[in-house]
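Heads up, the thing below is written out as structure tokens.
The values are calculated or read from the model by the stated rules, or taken from the named source; none is laboratory data. Small disclaimer: the values here were computed from a predicted structure and weren't measured. Cβ placement follows ideal geometry from the backbone for every residue including glycine, while neighbour counts extend to all protein chains displayed. In case anyone asks, the SASA skips ligands and DNA or RNA and just uses the protein heavy atoms, side chains included. Shrake-Rupley method; radii C 1.70, N 1.55, O 1.52, S 1.80 Å.
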Amino acid sequence: MPKTKGTSQKDKRDSGLRTVYLALGSNIPPRKYYMLESIKALHKWNPDRFRVSKCYVTRPYMGLDQAAYFNCCVSFQTGVSGIELLHTIKQIEDNLGRKREAVKWGVRSIDIDILFMGSDIIDIPDLTVPHYDVSNRDFFLMPMLDLDKTFVNPRTKMLLSEEIEKIPQNSRTYPKAIRTTKLCELNN
Ligand code: A4P
Ligand code: MG
């Protein structure tokens, strides 16, 4: 097996049950449909302790000239490896017709990112957990706080509630909760 820098010993099947947190984002209509279908697919795949945050409408990150996003987070309990989880979310994105374009931060029907896998730290070529930019994105941190107000980022050792306060104004996307019962109907 090729040796990779910082490969986590935890990225294997028997890593034990832990709560994983995923972020969902869409800025191509119908955004609500893409969000809801992704949530349903994830719930079907792993219903154990499945929870959904509020859904937010957010400005494009770093002021990009794009349509507004819908963002939310989901959490569930699982024992799967990071790579297996990554394959599953890519499959769900593909099934919902996501086109992979060369443009970084291009528009997207649905983007599903792994934010945290319990307190695991994974640094392998295809996967970085916690997500490399989680501390700088209010559209990740705000819905994360809906799911767990006391969550500590295992890399920075900071509370997410502290990290969100530190985000500079020019990076903020000003998440605004939207009224929807549909997105949260899978909550326990
Ligand atoms: N990868 C590594 N770590 C992870 C992880 N923790 N979760 C690799 C998911 N994927 C991870 O992902 C590219 C590769 O990253 C994967 O093949 C995987 O091996 P991708 O989803 O195909 O590409 P992407 O999403 O276009 O790129 P990137 O850099 O992930 O974009 P971001 O960072 O997701 O940013 N503004 C607002 N308001 N809301 C948004 O949701 N999203 C973006 C996209 C930009 N602006 C936004 C939002
Ligand atoms: Mg992504």
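Between residue 157 and residue 177, the modelled labels are 3.3 nm apart [label points 7 Å from Cα along Cα→Cβ]. For region 105-152, with all protein chains present and a 1.4 Å probe, just round the carbon and sulfur fraction of the accessible area to a whole percent. Its accessible area is 55 percent carbon and sulfur atoms.
Students often get this wrong, so check it: of 40/157; 149/176; 32/149; 40/176, which have C-alpha atoms separated by over 29 Å? Flagged as over cut-off: 40/157. Calculated FRET efficiency, residue 119 to residue 65, Cβ-Cβ distance, R0 = 35 Å: about 0.40 to the nearest 0.05.
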